[in-house]
Amino acid sequence: MAPAALLANWNAAWRALGLASADEALCTELQRRYGEPQRHYHTLQHLGECLAWFEREQALAERPGEVAIALWFHDAVYDVHAHDNEARSAEWARGAMLAAGAQPEAAERVHALVMATRHDAVPEGLDAELLIDIDLSILGAEQQRFDEYERQVHAEYAFVPEAVRLPRRRAILQRFLAREAIYTTPRMHALLELRARANLARSIAAMA
């Protein structure tokens, strides 16, 4: 997604929240974060792909502005050696919303949406379901993009010995494959479910 399109999406998200002015400096800082050198997958490419899916599917959202802001912040903090990236990203999102004059209830909902991207529980509510489907859309990407994604993830964790990294990665992918449904929103399920399962099975087999 081009810089102008990113900024347009950012401004539209804040307008949807009923807030007239968006902090463009914060938008720039978030883009800088997504460009940090330790990132290979959790980059502006991933953010742009997520926002593009959101623009196509936002009619499903109960509170589209909140989903958009949650997408912007969901990987805002990304330290490959840390285990609290989602919590720190969620705190940043909540603080940014409160500073902009958002209602505390809205800030709490966005905090919860960002925390849902830990993928450790079934998402609850239409907005969480849409957010998680968008975050996992890469699993159902065309084969070439999915394979690129796998290389990018392995590059982020290249410091972990392969004998440890491959079994861990295989287990993560297996948990997604074992779900009754990877995608819960009807259109994304129809578009991505079968391809995601094929991608996951192929990647798991390659790491066996």
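Please go through segment 45-67 and pick out each residue that is more than 23 Å from D120 (Cβ to Cβ), under 12 Å from the mean Cα position of the chain (by Cα) and open to solvent by less than 10 Å² (accessible area, probe 1.4 Å).
Those that are more than 23 Å from D120 (Cβ to Cβ), under 12 Å from the mean Cα position of the chain (by Cα) and open to solvent by less than 10 Å² (accessible area, probe 1.4 Å): G48, L51.
Take segment 142-163 and flag every residue that is closer than 25 Å to M188 by Cβ and in a loop (DSSP other than H, G, I, E, B).
Within segment 142-163, just E142 meets the criteria.
Under 17 Å from L47 (Cα atoms) and surrounded by 15 or more Cβ atoms within 10 Å (Cβ to Cβ): which single residue out of L126, L139 fits that description?
On inspection, the qualifying residue turns out to be L139.
Given (1) part of a helix (DSSP H, G or I); (2) closer than 19 Å to H46 by Cα; (3) of a type in the set (S, T, Y), where does S203 come up short, assuming only one miss?
Only one criterion is unmet by S203, namely (2).
Could you check segment 173-208 and list, in sequence order, the residues that are closer than 26 Å to A61 by Cβ and small (G, A, S)?
Once the filter is applied, which keeps residues that are closer than 26 Å to A61 by Cβ and small (G, A, S), segment 173-208 yields A181, A190, A196.
Within the group A12, A4, A22, which residue is surrounded by 14 or more Cβ atoms within 10 Å (Cβ to Cβ), small (G, A, S) and either assigned to a loop (DSSP other than H, G, I, E, B) or free of Cβ contacts under 8 Å to residues at least 24 places away in the same chain (or both)?
Matching residue, one of A12, A4, A22: A22.
Write out, first by first residue and then by second, each pair whose Cβ atoms fall under 7 Å of each other, whose residues are 6+ apart or on separate chains, and whose first residue, in segment 164-193, is under 18 Å from E55 (Cα atoms) and in a helix (DSSP H, G or I) while the second is open to solvent by 30 Å² or more (accessible area, probe 1.4 Å) and among the aliphatic types (A, V, I, L, M).
H189/A181
Please work out which one of (1) within 15 Å of the chain's Cα centre (by Cα); (2) surrounded by 16 or more Cβ atoms within 10 Å (Cβ to Cβ) is the condition M97 fails and give its number.
Only one criterion is unmet by M97, namely (1).
With respect to the numbered conditions (1) touching a helix residue (DSSP H, G or I) at 6+ places or on another chain (Cβ under 7 Å); (2) closer than 29 Å to R56 by Cβ, which one is the sole condition not fulfilled by R170?
It fails just one condition, (2).
The values are calculated or read from the model by the stated rules, or taken from the named source; none is laboratory data. Keep in mind it's a predicted model, so treat the numbers as computed, not measured. Please note: Cβ atoms are built from the backbone with ideal geometry, for glycine as well, and neighbour counts cover all protein chains shown. Accessible surface is based on the protein model in full, side chains and every heavy atom, while ligands, DNA and RNA are left aside. Shrake-Rupley method; radii C 1.70, N 1.55, O 1.52, S 1.80 Å.
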